[in-house]
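Heads up, the thing below is written out as structure tokens.
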Amino acid sequence: MRKELPVTTEPWVKTYSYYALPMCVIMADERIGKRVAEFEILDGSGYEWKSIHMKKGEGDRWFYESEDDYSRACNGCVYRPLEQNEGFIRIKINFQQHSEPWAAINLFVTDEEENILLGDEQYLCRFGNFIYDGVSLYFNGKRADTARQVLSKRDELVLNVSKGKIEAFIGEKKPKKIGEKEIVSSKPLYIGVQVRHEDNSFYPWIFSNFIQINCDVNCTHRRLDYYSFYKDEEYDLISYFLDRNRFASWEFIKMGGIHALKQEILKGHYVELKIDQYYLSGHEEYHVRHHLHQNLIYGYDDRLHTFLTLGYSNSGKIKKYTIQYMEMKRDLKRYPDIQIKIIKYRQGIHFYRFIPSYIKGVFEDYLAEINPEAKAQAFLPSEERVCGLGIYEELMTEAGLRVLVSDRRVSYLLYEHKQIMNRRILYMRSIGIVSEGLFNKIEKQLQVLEKVSFNLLHVAQKYRIRPSRREDEKLIAMLDELKENEKELLTYLLEEGAW
């Protein structure tokens, strides 16, 4: 048996594993990709289906792909008129994206073709798979009193209209009736399938975060990092999308070891832990050197007796590796106190809002070099770190230049930070905060920031390999160019943005 959970190897934030590995889960194509839903209409080939915003695949497969860059307000359907107001529809759901608080694939019956995408009150019956409510049945906008059910991969959903009644069924070979209601309308009826997913929460979330950065060149592990009130993985930014449970290796061994790890994957849970790279097949350190580093287990393959993992290569790229069951067993025994995190993807039940006034406040703090932690000192301890625009002066010091060259994460985070800002500005343009005129004014700064930070990354890498060729003046000039362009960019945004 093989089980593989969705991941990506190209998260937007990858400098530190405590952001990157969870982000590999959150940014999987199945969660933020263009394809929102796919279903198959069974026994439907003899009918002519009308389509609104839906695309037809092979056979009677239909799918919805978002044409919006940020997957907002996805709403489409296929439907047909019922001959003599009698007929049925039977579907099997093949895929449904889970990155928005309100998402459903519904079977429906309506007598209002002109309002067919509005749903709710306009539908005589709405029956489908809702992300948080499970399988739900509604008549005239009111939920029927049925037991909560979770749709399995094999289950089919059926709506039948016959003899003046609507009947709803769920099941595989012999579907079970879960509700019925008499039809009071005498108008022509239509039956179909609707896909309705509200705004994908990932985009307002990512663009509301990873703005403020702070610096402490004397810190061992976090010389340059994104702002969080207090760096504790229980409370970090990523927690909006993920639930975590924690165990020690020795506890997991008692729970069944390899079998317990496989059971978590089978339940749809990811496993994050430090793995000795010595045991990772395909890694540069495989059977060469013992070195613990954070990895993510996202699947297993019984035929090959391996777990599927994501981790960092020696060059800092996120890559896929494998580890044999027996070597995983050795790893757990060798490091009995390693923390194991069981991660469940669970998008919040509330919409994540992009709040312009909050973003404006963070931009103002960034320009003023204000530590946002000061606002929460009554609740959380604060660290002595330079914030916002002040990080450039800190990196221009002798100690700052030394860590800029020696620690590749510093220059990479600067480049990553500018990439996210560019994407954020495009998002802000799409919602009207940045006008076309303002965008044209700041486009040069955006290009300079990304280009210079990219060049700085490679210059620092060259000096790291060949320290004798290091030119501090060149590094300082590039840092100063970043500072001045970022200051100009944020000033324009604050003065001319439609906040």
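Key figures
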read-out: Pick from region 24-48, criterion aliphatic (A, V, I, L, M) and part of a helix (DSSP H, G or I), ranking: farthest from Ala73 (Cα to Cα); value: Val25
read-out: Set Ser453, Ser468: member being open to solvent by 80 Å² or more (accessible area, probe 1.4 Å) and not hydrophobic (A, V, I, L, M, F, W, C); value: Ser468
read-out: First in region 448-461 and under 11 Å from Arg408 (Cα atoms), second anywhere and open to solvent by 60 Å² or more (accessible area, probe 1.4 Å) and not basic (Lys, Arg), Cβ under 7 Å, 6 or more apart; value: Leu457/Tyr412
read-out: Lone qualifier among Gly59, Gly76 - being outside any loop (DSSP other than H, G, I, E, B) and among the small types (Gly, Ala, Ser); value: Gly76
read-out: Enumerated helices (runs of 4 or more DSSP H) restricted to region 386-489, each holding at least 3 residues that are more than 28 Å from Ser315 (Cβ to Cβ); value: 408-430, 436-465
read-out: Region 485-496 residues that are in contact (Cβ under 8 Å) with a residue 24 or more places away in the chain and within 12 Å of Glu443 (Cβ to Cβ), paired with ones that are open to solvent by 30 Å² or more (accessible area, probe 1.4 Å) and not aliphatic (A, V, I, L, M) (beta carbon under 7 Å, 6 or more apart); value: Tyr492/Lys441
read-out: Any pair with Cβ under 6 angstrom, 6 or more apart, that starts in region 1-21 at a residue that is closer than 16 Å to Leu242 by Cα and of a type in the set (Phe, Trp, Tyr) and ends at one that is open to solvent by 30 Å² or more (accessible area, probe 1.4 Å) and not in a strand (DSSP E or B); value: Tyr18/Glu233
read-out: Region 333-362 residues that are in contact (Cβ under 8 Å) with a residue 24 or more places away in the chain and open to solvent by 90 Å² or more (accessible area, probe 1.4 Å), paired with ones that are among the β-branched types (Val, Ile, Thr) and in a loop (DSSP other than H, G, I, E, B) (beta carbon under 6 Å, 6 or more apart); value: none
read-out: Options Leu413, Leu395, Leu489: the member that is over 22 Å from Tyr16 (Cβ atoms) and modelled with pLDDT of 95 or more; value: Leu489
read-out: Selection within region 313-338 - aromatic (Phe, Trp, Tyr) and outside any helix (DSSP H, G or I); value: Tyr321, Tyr335
read-out: Residue in region 366-382 that is at pLDDT 95 or above and among the acidic types (Asp, Glu) present; value: no
read-out: Enumeration of residues in region 188-199 that are open to solvent by less than 10 Å² (accessible area, probe 1.4 Å) and either assigned to a helix (DSSP H, G or I) or at pLDDT 90 or above (or both); value: Leu189, Ile191, Gly192, Val193, Gln194, Val195
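Let's see how each residue does on (1) at negative phi; (2) surrounded by 22 or more Cβ atoms within 10 Å (Cβ to Cβ); (3) out of contact with any helix residue (DSSP H, G or I) (no Cβ under 7 Å at 6 or more places or on another chain); (4) modelled with pLDDT of 85 or more:
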{"residue": "Ser66", "(1), (2), (3), (4)": "yes, no, yes, yes"}
{"residue": "Gly76", "(1), (2), (3), (4)": "yes, yes, yes, yes"}
{"residue": "Phe88", "(1), (2), (3), (4)": "yes, no, yes, yes"}
{"residue": "Asn106", "(1), (2), (3), (4)": "yes, yes, yes, yes"}
{"residue": "Gln122", "(1), (2), (3), (4)": "yes, no, no, no"}
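Let's see how each residue does on (1) outside any loop (DSSP other than H, G, I, E, B); (2) open to solvent by less than 60 Å² (accessible area, probe 1.4 Å); (3) modelled with pLDDT under 90; (4) among the hydroxyl-bearing types (Ser, Thr, Tyr):
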| site | (1), (2), (3), (4) |
| --- | --- |
| Ser239 | yes, yes, yes, yes |
| Val271 | yes, yes, no, no |
| Lys274 | yes, no, no, no |
| Tyr298 | yes, yes, no, yes |
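Okay, residues lined up against (1) within 23 Å of Met421 (Cβ to Cβ); (2) at pLDDT below 95:
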residue	(1), (2)
Pro6	no, no
Pro11	yes, no
Thr15	yes, yes
Cys24	yes, no
Ala28	no, no
Ile32	yes, yes
Arg35	no, yes
Trp49	no, yes
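The values are calculated or read from the model by the stated rules, or taken from the named source; none is laboratory data. The model shown is predicted, which means the values in this text are computed figures rather than measured ones. Please note: Cβ atoms are built from the backbone with ideal geometry, for glycine as well, and neighbour counts cover all protein chains shown. Keep in mind that these areas ignore ligands, DNA and RNA; they rest on the heavy atoms of the full protein, side chains included. Shrake-Rupley method; radii C 1.70, N 1.55, O 1.52, S 1.80 Å.
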